[in-house]
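Everything on this sheet refers to the single structure shown next.
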Amino acid sequence: MKIDGRWALLVLVACLVPASFAGSLDLPTAKPEDVGMSGDRLARITPVMQGYIDRKLVPGVITAVVRRGKLVHLEVQGAMDAESGVPMREDAIFRIASMTKPITSVALMMLWEEGRFQLSDPVSKFLPEFASPTVSTTRDASGKTGELIPVERPITIRDMLTHTAGLANNYIGNTAFYQETMQPQGAEKLDSYIRRLAALPLNYQPGTAWEYSGATDVVGRLVEVISGQPLDVFLRERIFKPLQMPDTHFWLDESHAPRLTTQYKPGEDLTIVRDDPGGAASRWITGPKTLFRGAGGLASTTRDYLRFHLMMLNEGVLDGVRLLAPGTVELMTRNHTGDLKLWLAGPGTGFGLGYGVVLDRGAAATPLSEGAYYWGGAYCTLSWVDPEEELIGIVMTQVRPYTHINIRQDFQVLVHSAIID
């Protein structure tokens, strides 16, 4: 079912919508019961999130739920900076890390719709550095390449979109070799970064396994070569401006700087400690503005990312602006990895063109419907789209790593258990 894409600021009487909701995020709002959700059950979200804050496991949290095109839950809790006590604000800016990947994938598929390439095309058709890759027989972190053997078939563009290209990475295989080689160098741009990545031996034959990697960085470089525009310019002009996402950027200017949340990590007792005392935060504002990576690096707000996902849920269109055809959205959000095991997402999941996809709710042990698609970021952000339930959820916080807490999973359960119709 298509969603009403009107985003005008609504003035609603208090008897229809709680006063704290009126106009929130400039989204149309509704009482939960009017769109088949329980207000009492949605109210469970707030104390659970506050519990994570009170235990000093996260500094602050924003949670939002949209159903049938209406905002039914928005809660802003805790602090943007725990030490100074600066309160979290509705328009806080978060490092969304790998939640950049769906955006970059949409960018490339916009060019696919223009007839610029086929998903089965070899990547080397546009990036010659991938013309003769080799595969390493060493599968440990020793930094040694072992025997190098030729690929059995070319790497395709679909391989890059689905993380089945075999690229070396930080997680599995020759991780030491990858980490040493792929450190950004000075005022490097994406073209030279990708040339170095292409020169590394692959971890496996293309199409034979799923491994999370910098493949979406290659997707970003494909956007540049095929469109003739730098990635940051393409995203700004073709996605962010049309969708009215003014707070989504690779780097922040001084006007956005006060809204950037502080980055945290778990300390020895797992409570948060500041992870960027003048370092990482300042680099986001002043530091290198030359390397724009498709796999990560964007900062955004809850509102902006909701608008992006409303476009996807609404089959490629929002406020009369169409980025994708309905069939392209459907293609992107179906499984493209067969029965390959996704070690990161776990059982019962597959991977589309930029998104993880729920295939089997039982095997995945998830409250999401089969066919729901999602991805998260390294700083504990997460957003998903559940077309069957016409629902979008998003949780924003800022702690890395986050594997010691279940805040994202808890939020999903709380949201979906509030659906009553």
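Points worth noting:
- Charge dipole magnitude, Cβ of K and R +1, D and E -1 - the stretch 67-172, Cα centre, debye nearest 20: 320
- Legend: distances between Cα atoms for Lys101/Lys241; Lys101/Lys189; Lys56/Lys241; pairs beyond 29 Å are Lys56/Lys241.
- Surrounding net charge for Ser98, when Lys and Arg each add one and Asp and Glu each subtract one, Cβ distance under 15 Å: +3
- Placing +1 on each Lys and Arg Cβ and -1 on each Asp and Glu Cβ, with no other charges, gives the chain a dipole about its Cα centre of roughly 360 debye.
- Inter-part distance, the stretch 153-227 to the stretch 317-349, computed on C-alpha centroids, equals 21 Å.
- Per-selection Kirkwood Rh - the stretch 173-259 (Cα, Å, 1 d.p.): 15.4
- When each of Asp269, Asp232, Asp26 is scored by the number of other beta-carbon atoms lying within 10 Å, the sequence from fewest to most is Asp269, Asp26, Asp232.
- Considering only alpha-carbon pairs that sit under 8 angstrom and 6 or more positions apart, the relative contact order computed for the chain is 21 percent.
- Annotation: average projected area of the stretch 72-178 is 11.5 square nanometres, based on the convex hull of Cα atoms across all directions.
- Kirkwood Rh and Cα Rg combined as Rg/Rh, the stretch 217-257: 1.03
- Of the GluC sites (Glu not before Pro) found in the stretch 159-233, the ones in coil according to DSSP and having at most 16 other Cβ atoms within 10 Å of their Cβ are Glu188.
- Selection from Pro242, Leu310, Ser227 lying farthest towards where the dipole of the stretch 224-356 points positive, charges on Cβ: Ser227
- Where GluC sites (Glu not before Pro) fall in DSSP loop in the stretch 337-421, at most 11 other Cβ within 10 Å: Glu388
- Sorting Arg221, Arg158, Arg153 from the fewest to the most surrounding beta carbons within 10 angstrom yields Arg153, Arg158, Arg221.
No lab work stands behind these numbers, since they all come straight from the coordinates. Remember, it's a predicted structure, so these values are computed and weren't measured experimentally. Glycine also receives a Cβ, built like all others from the backbone with ideal geometry; neighbour counts cover every protein chain displayed.
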